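One structure is given here, and the rest of the page talks about it.
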Amino acid sequence: MDLLSKLISSFDAANPNFRPTELYNESWLIKLVLQQASELPTSDYPLGFLDGCNWFSEALLPTAFRARFRSDPLSESRTNADGVVGHFTIGEKAKADLELRGNAAQFTVLEAKVGSPLSAGTSNAKYFDQAARNVACMAEVVGRSQLQASNFARLDFVVLAPRHSIDKGTFEKEMSQGSIRSKVERRVSAYEGQLDQWFEEQFKPLMDRVQLHSVSWEEAIDWVGQERPEYASALSDYYRLCLEFS
């Protein structure tokens, strides 16, 4: 760890030894923001933590649209979540697999963006964008836990992105209830009845409760700064470099 710290602290953007984007990117930015958020008092803010919650970056979320047979033309792989906050365990079955605890009250999935929109779809479903895919995976995670959406105090899907991207409506269409519901329903219909029960019993109850948020990095950093002004300045400096190198 000392060697790693030395390498990072010696980084010089004017004369770099590795690409700046390896250090200044949304993957590290969300880790820094969530770590600071985890140290703040309980809050109903979209990035807030309920008591007993933890966070994890790059968790793997299972999908209802898994392969039914080899080379299934409809299947997709698990979704890699940029950030997750809630009552869960990681690695019980595989290293980054997420499972909700039996008493889970919060499940928040976050997608981090700095210089790009939400991805448009999967290789086997070009219309199935990143927002629809994440929310569908949330329904699958909740269903596998044997919990009901009504058991949760907090169910949130959050896109974190630059203020200018949010203000110009980059995520507005995909981050609507109607868009997500219709795209998941279209995905389910391709299975000709095989996933109708999942749609009715797992997806629809979650869709009725999940809160969708587009939050700017600037706003999130300001929120942290209300309690930890010393961290807000450092986060702002780091965020500026992420924008510069993205």
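Per-structure values
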| quantity | calculated |
| --- | --- |
| Residue count, the stretch 198-214 (criterion: among the aliphatic types (A, V, I, L, M) and either in contact with a Ser or Thr (Cβ under 6 Å, 6 or more places away or on another chain) or in a helix (DSSP H, G or I) (or both)) | 2 |
| Residues located in the stretch 19-40, provided they are open to solvent by 50 Å² or more (accessible area, probe 1.4 Å), modelled with pLDDT under 90 and not basic (Lys, Arg) | THR21, GLU22 |
| Search result, residues across the stretch 41-59 that are open to solvent by 30 Å² or more (accessible area, probe 1.4 Å), under 17 Å from ARG228 (Cβ atoms) and touching a Leu at 6+ places or on another chain (Cβ under 8 Å) | THR42, TRP55 |
| The stretch 147-197, subset among the basic types (Lys, Arg), more than 14 Å from ASP208 (Cα to Cα) and in a helix (DSSP H, G or I), residue least open to solvent (accessible area, probe 1.4 Å) | ARG187 |
| Which numbered condition ALA59 fails, given (1) touching a strand residue (DSSP E or B) at 6+ places or on another chain (Cβ under 9 Å); (2) over 20 Å from LEU29 (Cα atoms); (3) of a type in the set (A, V, I, L, M) | (2) |
| Residues that are in contact with a helix residue (DSSP H, G or I) (Cβ under 9 Å, 6 or more places away or on another chain) and open to solvent by less than 30 Å² (accessible area, probe 1.4 Å), drawn from the stretch 61-83 | LEU61, PRO62, THR63, ALA64, PHE65, GLU76, THR79, ALA81, ASP82, GLY83 |
| In the stretch 221-232, residue modelled with the lowest pLDDT [restricted to those that are more than 21 Å from SER116 (Cβ to Cβ) and open to solvent by less than 70 Å² (accessible area, probe 1.4 Å)] | ARG228 |
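So that you can scan it fast, the table gives a plain yes or no per residue for (1) of a type in the set (D, E, K, R); (2) not in a loop (DSSP other than H, G, I, E, B):
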site	(1), (2)
VAL84	no, yes
GLY102	no, no
GLU111	yes, yes
TYR127	no, no
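The values are calculated or read from the model by the stated rules, or taken from the named source; none is laboratory data. Only a predicted model underlies this, so the values are computations on that prediction, with no experimental measurement involved. Here the Cβ is made from the backbone with ideal geometry for all residues, glycine too, and neighbour counts use every protein chain on show. SASA here: full protein model, heavy atoms, side chains in, ligands and nucleic acids out. Shrake-Rupley method; radii C 1.70, N 1.55, O 1.52, S 1.80 Å.
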